[in-house]
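Here's the structure we're looking at; comments come further down.
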Amino acid sequence: MKRLQQTFDRCRQQKRAALVGYMCAGHPSQQLTLPVLDEMVASGVDIIEIGVPFSDPMADGPVIQRASEQAIDNGMNMQGVLAVAKQFRAVHPDVPVVLMGYLNPLLRFGTQRFIETATASGVDGVLLVDLPVEEGRELRLSLQQAQIAPIMLVAPTTGVTRVAQVVDSAAGFVYFISVKGITGSGRLDVDDVQSRVEQLKDTTGLPVAVGFGVSTPEQAGALAQVADGVVVGSALVAAIDGAGTEVDARAAVRATMKPLADALGKVH
Amino acid sequence: MPYTLPDAEGHFGEFGGIYVAETLIPALRELQECYLQCRNDQNFQAELDADYQDYIGRPSPIYLAQRLTAQVGGANIWLKREDLNHTGAHKINNTVGQALVAKRMGKTRLIAETGAGQHGVASATVAARLGLECVVYMGETDIQRQAINVFRMRLLGAKVVPVTSGSKTLKDALNEALRDWVTNVDNTFYIIGTVAGPHPYPMMVRDFNAVIGREARQQMLERCGKLPDAVVACVGGGSNAIGLFHPFIDDDEVAMYGVEAAGHGLNTDEHAASLVAGRPGVLHGNRTYILDDEAGQIRETHSISAGLDYPGVGPEHAWLKDSGRANYVGIDDDEALAAFHQLTRAEGIMPALESSHAVAYALKLAKQLGPDKDILVNLSGRGDKDVHTVAEIEGIEV
């Protein structure tokens, strides 16, 4: 959790937004997962989101759905994801890691066992897409006690009263969903999102990151004017899909993320 | 104390709830609010009752299956004839109700998921009647298995969208419908076809189907002067079963049996018996019994009947199981098929393969209970849609 705060603080000092990059563990293969993560950092990603594959990812678009299916076929599971996080942490002691996924794989792994293993693996935050503020209060408290931030989503449909309730139970940062839709949607309205993010920042002292449907440096740059972080997922997942070698995978990560990092004004 | 579940947040004990992405929560809240108003509104209820009577053809009768009873030589077997409803199954009870709610909310577009196609047809039917756009999500595998129902939906003006993700069946159709809803939440009403999904769906779909149990309870009292000793219904997601069970929950003397699809056997991986062979988890917006692997990935299921082929089950059934109020059992493909034939030949009533599971269990139970007892079976749908499946299994060219 401390790494998240330090990263957002540093970015703020540098007067730029943090670049948050998502990849799905086990995609395109188990072997390429760590090289992809490593190259994300080298290409300017400030915060890593590792997707935990789930068979029924109801909030995700076709790109991440397919990646999840492939990752499951490749044998990736919660234990594997936590092992990846641990290996990543050994090489990158300061880069924050957030796990993003759905509740059932975590429940099956065991809540207590998850928190212990995630702590030992240097996980900084957990975002459970299907665990809104109404549910899972105890889980969030346990995560907080273990210094793992429960990251909460705010949607374009979330009303004012509810926003207050949601951000109250969040830590680390607040994730604003930029479109009414699923991940990788192509209907991003930058102006509208900017005004929503400004409102949101009036409600919470936490950093606000924006994601869902952000794919181009232009979009990222525009959102970075108001947001503390910009999340790019599907675009990266699509870019590395089908990469067979480490060289190919690294090149695809670089080609996608470097222009985004540049757009956010990251100094390499 | 009378039965009042779910609580205000949609919980049946530890089950149920609202496990969905944030984008949908406001829509679910709005639906909950509107539905609760409808529930307490006499005009709404009058409109619903009129539709039940004039459009669906309710009340559906109860029928004493005398020859079937004689063949078994045990308890009297009564059939609640939901197969006689308009569109041929209980599914219409729910879609008629949800369509009225959609109309009140001013939604112009209906979406639905379907497995066997019965709920899709029932949704397309009410959409046609109200002149609303209708999109039905259906797994590619199910589209091939249920070509006739796909054509029926298209005749009714619905757009049937093939779902090619995951196992290409009902659970994936549900995911896809949720994705559509997230994207088009402003003008779209999602008609969920079973008592699963996030709150308020399990409660609302139950309420619209509870007309089955209310009628049956009254009809049994009139015909037998007493309540049945047992009620039996098949359980996929569980909407026809909860519709029958709910009005009997406070009648302790009435035993309740939910019959799940044991497919190729409960000792194999090829079944759909979430309650009998699954464990609590979270799927499709609610906490309930599910079928998943050791990593928490949802398993592919199997049943001879597409309508039972689902890896979850309504949360109220999960509660009824854990509380011990209802019993859940499995009937495999062969037993269901045998019951399909037996009822068809004994009574001239061809049951849906889903309902055949309930009939198969009732045959066993009738023998156990013995004469002078009464079993009420929900004959949730008619078997016309299944004749091709039956012919194919038995190697007969139609």
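Rounded if a/c is under 1.5, else prolate if a/b beats b/c, else oblate: with a ≥ b ≥ c from the C-alpha gyration tensor eigenvalues square-rooted, which is region B:277-398?
Since a/c reaches 1.5 but b/c is at least a/b, the shape of region B:277-398 is classed as oblate.
Between B:Ser380, B:Ser123, B:Ser323, which gets the highest mean-square fluctuation from a Gaussian network model of chain B, Cα cutoff 10 Å?
Per the Cα network of chain B with a 10 Å cutoff, B:Ser323 tops the list.
Rounded to whole Hz and in sequence order, give me ³J(HN,Hα) for region B:73-90 from the Karplus expression 6.51 cos²θ - 1.76 cosθ + 1.60, θ = phi - 60°, writing x for Gly and Pro.
Ordered by residue, 3J(HN,Hα) equals x, x, 5, 5, 9, 9, 10, 8, 8, 5, 5, 8, 5, 3, 6, x, 7, 5 Hz.
In whole Å, what is the distance between the alpha-carbon centres of region B:276-315 and region B:175-192?
Result: 22 Å between the Cα centres.
What are the GluC sites (Glu not before Pro) within region B:364-398 that DSSP puts in a loop, where the Cβ has at most 15 other Cβ atoms within 10 Å?
B:Glu394, B:Glu397
Pick from B:Gly57, B:Gly330, B:Gly117: which is most flexible by mean-square fluctuation in a GNM of chain B where alpha carbon atoms under 10 Å apart are linked?
Answer for the Gaussian network model of chain B: B:Gly57.
Tell me, what is the per residue accessible area of chain B in Å², probe radius 1.4 Å?
For chain B, the per-residue accessible area is 34 Å².
For a test of the definition: using alpha carbon positions, the gyration tensor, and the 1.5 limit on a/c, classify chain A as rounded, prolate or oblate.
Rounded shape, in that the Cα axes give a/c under 1.5.
Under 5 Å between amide hydrogens, which residues at least 5 positions from A:Cys24 or on another chain qualify, with H placed 1.01 Å from N in the peptide plane?
Counting only residues 5 or more places away or on other chains, the set is A:Gly51.
In the protein assembly as shown, carbon and sulfur make up what percent of the accessible area (probe 1.4 Å)?
Here carbon and sulfur together make up 49 percent of the probe-accessible area.
With the contact rule set at Cα under 8 Å and sequence spacing of 6 or more, what percent relative contact order holds for region B:197-264?
Result for region B:197-264 is 37 percent.
Using a 1.4 Å probe, what is the accessible area per residue for region A:2-263, in Å²?
The answer is 36 Å² per residue.
Just check region B:189-282 against the gyration tensor rule for me: Cα atoms, a ≥ b ≥ c as the square roots of the eigenvalues, rounded for a/c under 1.5, and otherwise prolate or oblate depending on whether a/b exceeds b/c.
Oblate is the answer for region B:189-282, as a/c is 1.5 or above yet b/c matches or exceeds a/b.
Output wanted: per-residue J couplings in Hz (rounded whole) for region A:118-127, from phi through Karplus 6.51 cos²θ - 1.76 cosθ + 1.60, θ = phi - 60°, x for Gly and Pro.
So the Karplus estimates, Gly and Pro as x, are 5, 4, 5, 8, x, 7, 9, x, 9, 10 Hz.
How about region B:253-343: which GluC sites (Glu not before Pro) there lie in a loop by DSSP and see at most 10 other Cβ atoms within 10 Å?
B:Glu253, B:Glu294
Could you give each residue of region B:243-251 its phi-based ³J(HN,Hα) in whole Hz, using Karplus coefficients 6.51, -1.76, 1.60 with θ = phi - 60°, and x for Gly or Pro?
Once θ is set to phi - 60°, the couplings for region B:243-251 become x, 6, 5, 3, x, 9, 4, 7, 8 Hz.
For every helix of n ≥ 4 consecutive DSSP H residues, a contribution of -39,500 (n - 2.57) applies; sum these over the protein assembly as shown, divide by its total residues, and give [θ] at 222 nm rounded to the nearest 500 deg cm²/dmol.
Mean residue ellipticity, 222 nm, calculated: -13500 deg cm²/dmol.
May I ask you to list the chymotrypsin sites (Phe, Trp or Tyr not before Pro) in region B:1-85 that are in a DSSP loop and have at most 12 other Cβ atoms within 10 Å of their Cβ?
Sites meeting the loop and neighbour criteria: B:Tyr3.
What number, in percent, do you get for the relative contact order of region A:2-263 if the mean sequence gap of Cα pairs under 8 Å and at least 6 apart is divided by its residue count?
Averaging sequence separation for qualifying contacts and normalising by length gives 23 percent for region A:2-263.
With a 1.4 Å probe on protein heavy atoms only, work out how much accessible surface A and B bury together, total over both chains, in Å² to the nearest 100.
Chains A and B together bury approximately 2900 Å².
Separation of region A:118-158 and region B:326-398 by C-alpha centroid, Å?
Going from one Cα centre to the other spans 47 Å.
Report relative contact order for chain B in percent, whole number only (criteria: Cα-Cα under 8 Å, sequence separation at least 6).
Averaging sequence separation for qualifying contacts and normalising by length gives 21 percent for chain B.
Can you give me the C-alpha center-to-center distance between region A:54-74 and region B:11-63, rounded to a whole angstrom?
Each part reduced to its Cα centre gives a spacing of 32 Å.
May I ask what percent, to the nearest 5, of DSSP beta bridges between residues of the protein assembly as shown are antiparallel?
20
Looking at chain B only, what percent of DSSP beta bridges run antiparallel? Nearest 5 please.
In chain B, approximately 30 percent of DSSP beta bridges are antiparallel ones.
The values are calculated or read from the model by the stated rules, or taken from the named source; none is laboratory data. As the structure is a prediction and not an experimental result, all values here were calculated from the model. FYI the Cβ positions are ideal-geometry reconstructions off the backbone, even for glycines, and counts take in every protein chain you see. The area values use the complete protein model at the heavy-atom level, side chains included, leaving out ligands, DNA and RNA. Shrake-Rupley method; radii C 1.70, N 1.55, O 1.52, S 1.80 Å.
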